[in-house]
Amino acid sequence: MGGGTITLGAATLVGLSAMVVRLRISRNWISASKIPTEDLTGKVIVITGANTGLGFEAALDLARRKATVVIGCRDVGKGQEAVDLIKKKTGNTNVECIELDLASLQNVRAFATTIISKYPKIHALVCNAGVLVPMEEKTKTKDGLEIHFGVNHLAHFELVERLLAHLASMDDEKSRIVFVSSSLSEQGKLNLETQDFVRDGRQEEEETEKGDGQKKKSSIIPTGYSDSKLMNAMACKHLDTLLPSHITTYAVCPGFCRSSLGRHVEFPWYKKMMIGPVFLMIQRTAVQGAQNILFCTLEDKDKLQSGAMYRDGVILTSVMDHMDSFGMDAPKKLWDISEKLSREIK
C-alpha cells in the first residue's frame with residue numbers, strides 16, 4: 001500500500017513537472033487572440049498542401065472567417081475529404097480542392113492556369129506544402145530534381161511567378177504571398193556556385209565519431225530540407241524587391257509542431273519511447289502552429305515588414321542574419337538560378 005502511494009505520488013510529481021515545463025515553453029507562443037478577427041467574405045485564399053496538418057487547420061480557420069478557400073493537393077481524393085470536413089465544420093460552401101502535384105512543374109503550371117481562369121482576384125497565396133525525406137533515399141521529382149529543392153522551393157517559386165501578374169492586376173486591393181519556412185533554415189547551407197542542391201542535394205559534412213569508431217550524422221534533419229527552408233526565406237526576401245506596393249510577402253516559421261511531415265523518417269521503437277515524452281512537452285499542436293501562418297496571412301500589412309520572416313508575431317532575426325551571411329546578393333542569385341531552371345524544364 002505504502003509502495004503504491006509512493007509510486008502514485010512520484011507519477012503525479014512527474015506529470016505536474018511536465019505541465020510546468022510545457023507552460024514555460026509555450027508562454028511566448030502566438031495564440032488565436034493575437035490574430036485579427038476579420039470577416040473574409042469575398043476574399044480568395046489559395047493554400048498548397050492543406051489536406052492535413054498545419055495547412056488544414058489554417059484552411060479551416062479561414063473558412064470559418066467566410067473566406068473562399070482553395071486547397072491545392074496532389075491526392076485529390078484526400079483533398080476532397082478535407083474540403084468536405086471543412087464545409088461540415090464551418091458551413092462555408094466556398095471551399096474547393098484543385099489538383100496540385102508539386103513534384104511536377106507541368107502540373108504546377110496547370111494549377112496556376114486553373115486558378116487564374118476561375119478566380120479573377122486572389123487575396124492571399126500561402127505556400128505551405130512541403131516534404132521531408134531522408135537524403136539517403138535520393139528521391140527525385142518527376143523533373144529529376146532533388147525532392148526538397150523541387151517540391152519545397154522550385155515548385156512554389158514557379159507557382160508564385162505564374163500568379164504574380166494576376167496578383168499585380170489587383171491594384172485596387174491588397175494581396176500577399178506567405179512562404180511557410182522553418183527556423184531549421186539556420187542549419188541550411190547553399191553553394192550557389194556548384195548548385196549541388198538542384199539535382200543531388202547537399203550531403204551531410206558534419207559527422208561525429210561514435211564509440212565504435214563509426215561515423216554518425218550530426219542532425220536527424222535531412223540537409224535538403226534545411227536548405228530548402230532557407231531557400232523559402234531567401235525567395236521571400238528577394239520577391240519583396242519585385243512587388244508593387246499593394247502586394248506584400250512574408251516567410252513564417254510555424255514552430256516545432258506535431259504533423260505528418262516526418263512520416264518518411266523511421267525511428268527505432270526504443271528511440272520513440274525515449275523522445276516521445278519530451279516531444280509532448282515541446283511540440284505545438286497543428287492548431288497552435290497554424291496560428292503563425294494565420295498571423296502572416298491576416299495581420300495588417302502596416303504592422304509587418306514585407307520580405308521578413310516571422311515566428312510568434314516577431315521577426316526571426318537569427319534567420320535573417322543567417323541569410324545575410326551568404327551575402328546580400330544571395331537571394332537574387334538563388335532567384336535567378338530558379339528562374340533559369342524553371343524555363344529549361346518543359
FRET efficiency, 1/(1 + (r/R0)^6) with R0 35 Å, evaluated for M328 and I116 via beta carbons: 0.55
Computed label-point distance, nm, for sites S318 and D75 using a 7 Å Cα→Cβ extension: 3.3
FRET E, pair N94, K340, Förster distance 41 Å, beta-carbon r, rounded to 0.05: 0.60
Debye, to nearest 20: dipole size of the range 63-140, +1 on Lys, Arg Cβ, -1 on Asp, Glu Cβ: 460
Computed lengthening from D84 to K301, 0.36 nm per intervening residue step minus Cα-Cα distance: 75.0 nm
19 Å reach of a label modelled at A165, 7 Å along Cα-to-Cβ, counting backbone N of the range 324-344: 339-344
FRET efficiency, 1/(1 + (r/R0)^6) with R0 25 Å, evaluated for Q106 and T194 via beta carbons: 0.40
Mean shadow area of the range 25-126 over all directions, Cα convex hull, nm²: 7.4
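Read-outs: derived from the displayed coordinates by stated rules, not from any lab. None of the values given here were measured: they were computed from a predicted structure. Cβ coordinates were reconstructed from backbone atoms using ideal geometry, including for glycine residues, and neighbour counts include every protein chain displayed.
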